Structure formats: structure tokens, C-alpha cells
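Below is one structure, written out as C-alpha cells, with a few remarks after it.
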Amino acid sequence: MNRWVNSRAAVYGGVAVASGLLSLYKIATRDLINGDGIGYIDIARAFLKEGVNGALAVYHWPFYGILIGLVHRFTGLSLENSASLLNTLFLMLVCVVFVRIYEEVSSKHARIWVAALLILALPLLNDYRAFVIRGHGFWAFMLLAIFFFIQYSRSPGHKSALAWQLSIAVAILFRVEGIAFLVLAPCSFLFIAGERSRILLHALRLNSLFIILGAAGVTIFLLSGGFTLPSSLEIPNQLIYASPATLFGAVDTEAGMMFARNRLMSSVDDARLILGSGVLVLVSVEVLSNIGLPFLVVAAYGAHRKWLRLSRDSLIVVFFAATGFCTLVPVAGNFFFLSSRQTVLTVLLISLITFQYVDYLLRELSSRQQNKRHAAAWVMILALFLHSVISAGTSKQNIRVAGEWLGAEPAADGKIACNEARLEFYSDQRCKWVAIGETDPVDVIDELKKEGYTSFLLWIHREDERLRAAVDGDAALVLEREFPNRNGNSVKLYSMKPRRQ
């Protein structure tokens, strides 16, 4: 018994430490902060200067940015490092809770150390370890909420119901999509024999805290004669585009445009059908591809051969995975685009099922002494891990170097424009970010000159012929300094030639 407890503690401690070290490695080798991260740090800055109202003025769902500001205030770390510390801790929690849920839902023969190694090797999770995004906190607290929900489903009680509500409340503070899980969770009892007749009781118990807080809020509103919300408070975008009317409206608008472009269609209904089915295919392909082909193949084959009989708790996980899939449909339907990071929670939940089949396969190969196949399986897992951890992409470190140089350069005066948000960020706002986009660079630079800009710090990609031609053909610009990388991309500082007297 003591050996089992000690080995169990070693697995949980090991996965937490390994996750932390992985995150620190990815952060240390990170070229640049991601674009969204700059926005969250802007929220943190606004919070530190003007409080919650200042943070709300920057973004309508500012909890993550406020947390970054608080960590900065209490630790003295830079805002970027404060965000990285937060996300390292969140991902440690993700891995620990993932393994804990796996232990709860899998069979008695399952090995939690295998789940720990597999979650550390999951490419999708490792891809976002260095990103400054609120998703880390959302994933962590959603998994924690699902763990407590499973506990509640086994033995309904107020303690586990409260833990579920507190966890999902924090998850919602990170991403408002958590509301979908809160609302739909009681519906999982429709699929549990003997619990269907008690679904109303479960719904009330699982939402008791929110009901009490809502009633208290209404009472305060009535007694106080109303209260004024901050003028900067907005309805979160996610609530707007999750409404059926908005979703169908977006598809309908795009369908009308598609029909107008292709008169061979018999009607606009054909375009609606194509777009609607395309959205579902997009979400499905994005989720399935992010699960990892080896894991997916093993799970599909194992399900076909009936290797496992999934537990009731595993079916609850499947229900939450289906809910996660549904939350992705409005995103894809409104923007006809889906980022891999938005699929992480759904992929994690599906992985709680697929990993059971992978674990079964590894056990079978080991028990049958098929050593070569067993070793080959672990080599494939190791390859997935190394591929997701070791970056072979083009370095943009020169953007950071150029920005930090400008921020520390006392001679850099006057109005300076830059065409990359991260140049503005790393220069500590010494230059002003101006997006060129599809506009002719010559027109943009001429307009900036009229506005009094005297220098231009420009990220010039080797294939951006328009921008390269614009600066090379401008006789009024002088190249002062260049920060190239090995791929032919450069950050260049141009200044205006002094006018002759």
C-alpha cells in the first residue's frame, strides 16, 4: 500500500515538475511574445495605472490581464515574465488535474504514469507553452471543474457541487465560453441511468451559488433603485457571436455572397448547405488533427476491436468534449476560421479517452513480450514530444533585439513609427505601431512624414517586395541601422535626411 501511495505521489510530483521545466525551457527559447500577449499586458498596465475601470477600458473581459498586473506588483518581475510565471503554474495544474481525471475515469489496470508521459508529449499543448494567452488558466480551471463534476456525479453533495461552481466560475473569468459548460453540464444526467428523474435537483444544486448570487444582485438592484455599470463595460464578443441569430446571420450573409459569385448554383440554399457543412467539417478536422494522428489511429482501432468498455465517468468526459466541440462551431461559423489554440480543451478531454486505448496497447505489447513493437511505440511518442519541443522555425529574435536597442538608445529622439506591434512593445513604446496592411507602403510612409514622423523602424520580410521597393526608392530616407536574421529578413531603422538650408 505504501509503495503504491509513494509511486502515485511521485507521478503527480513528477508531472508537475516536468511540466514546469518544459514551460520554462519553451519560454527561455521563445523569440518573441505573441501578438495577443501584448494586448493582455496592455490590460495589466492599464490596471496598474487606473484600476479595474482602466483594465475594462482596454478589454471587456480583463481578468487575465489583471492577474498579470497583480503578479508583477507582488513579485517585481516584468509584465512579460509575470505572464510567463502565471502560465507555467497554470500548465502545471493542467497536467496534474489531467492525470487525476485519467485516474478517476480509466480502468483499474490503467497506469497513471503513462497518462503523465503522454500529456507531457502532447504536441498541441507544448505548442502553446510559451504563448501569453488566457487559455492556460481556462484549461486549468475547466479541467478542475470537470474533476469536481465527476466527483459530484458519483456522490451528489453540496461540497462537490460548490467546488464545481467555484472552479468553473474562475474558468469563466478567463474565457466566457465556460458558460456553455455551466449551462449544459446538468444535461449529462440524461444519459445516466437512474438520474434522469432527478435532473432538476442536480441543476439546482450545481448552480446554487450562482442562483444565490443572482438573487442577491437583483435584491440589491431593487433596494438601491438601480446602479450604474462602468461606461466602458461591453458585452463580450463571445456571447454575441454564440447566439443562433448571429451564427445563422453570418452564414446567411456569406451564402448570399457565394451565390452571387457562382450563378451555377440553383439557389442560395445550396450555398447555405455548403457553408454549414463546411463549418462542421472545419471544426472536426481541426480537432481531430490536433489530437495527434498516432493517438487517433490507436483509439479508433481499439474502439473497433472493443479493447475497452468505457466507464460511466469516461462517458461524462465524452459529454464535456461534445460540449467543447459545440462551443467551437459559433467561432468557425462567424469567422470561417478556427485557431488550434481554441481546440485545446476539447482535445484534452478527448485525450482522456484516447490515452486509455494507447495505455491498453502498450500494456498488451509489454505483456506479450513484443519488445520491438513496444519500443517502437515509445520511440514514436518520444518523437512527437521532441518535435513539439524543439523549434526549427525561422527566428525573429532580431525584432526583440531591435526593439530593446531602440528602447535603450538615448540618441533615438523625434517621432518614430514602426510596422510591427512587437517593435513597439520591446522598445517600451519608443516607436508608434502603424499597421500597413494592404495599403501601398509609399502612401503610408508619405502620410507619416506629414504627421511629423522623422524615423521609421521597419520589419521587412525578404518576400515583401512592395515595402522593400518603397524604402529603397525613397530618396529622403537614410538607412541608419540594420538588424538582420539568417533568413534574409531584417529590421531596419531609417531616418529622414536633414533638409538643406
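Quick notes on this one:
- Selection status of residue 22, within 23 Å of residue 173 (Cα to Cα) and outside the structural domain of residue 401 (by TED's automatic domain parsing): no
- Which numbered condition residue 383 fails, given (1) of a type in the set (Gly, Ala, Ser); (2) on the phi > 0 side of the Ramachandran plot; (3) in the same structural domain as residue 26 (by TED's automatic domain parsing): (2)
- Of residues in region 172-200 being of a type in the set (D, E, K, R) and crowded, with 22+ Cβ neighbours inside 10 Å, the one farthest from the chain's Cα centre (by Cα): 177
- Selection count, region 2-56, where residues are surrounded by 16 or more Cβ atoms within 10 Å (Cβ to Cβ) and of a type in the set (Lys, Arg): 3
- Filter pass, residue 77 being within 22 Å of the chain's Cα centre (by Cα) and either modelled with pLDDT of 95 or more or assigned to a loop (DSSP other than H, G, I, E, B) (or both): no
- Every condition in (1) surrounded by 13 or more Cβ atoms within 10 Å (Cβ to Cβ); (2) over 22 Å from the mean Cα position of the chain (by Cα); (3) of a type outside the set (Gly, Ala, Ser) is met by residue 159 except one, and the failing one is (1).
- Restricting region 289-311 to residues that are surrounded by 15 or more Cβ atoms within 10 Å (Cβ to Cβ) and part of a helix (DSSP H, G or I) leaves a set whose member that is nearest to the chain's Cα centre (by Cα) is 290.
- Those residues of region 370-423 which are of a type in the set (D, E, K, R), outside any loop (DSSP other than H, G, I, E, B) and touching a residue at least 24 places away in the same chain (Cβ under 8 Å), in sequence order: 400, 415, 422
Yes or no, residue by residue, for (1) in contact with a helix residue (DSSP H, G or I) (Cβ under 6 Å, 6 or more places away or on another chain); (2) at pLDDT 95 or above; (3) in a helix (DSSP H, G or I):
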{"residue": "171", "(1), (2), (3)": "yes, yes, yes"}
{"residue": "183", "(1), (2), (3)": "no, no, yes"}
{"residue": "188", "(1), (2), (3)": "yes, no, yes"}
{"residue": "205", "(1), (2), (3)": "yes, no, yes"}
{"residue": "211", "(1), (2), (3)": "no, no, yes"}
{"residue": "220", "(1), (2), (3)": "no, no, yes"}
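The values are calculated or read from the model by the stated rules, or taken from the named source; none is laboratory data. Keep in mind that what you see is a predicted model, and the values were worked out from it rather than measured. Virtual Cβ from ideal backbone geometry, glycine too; neighbours counted across all protein chains shown.
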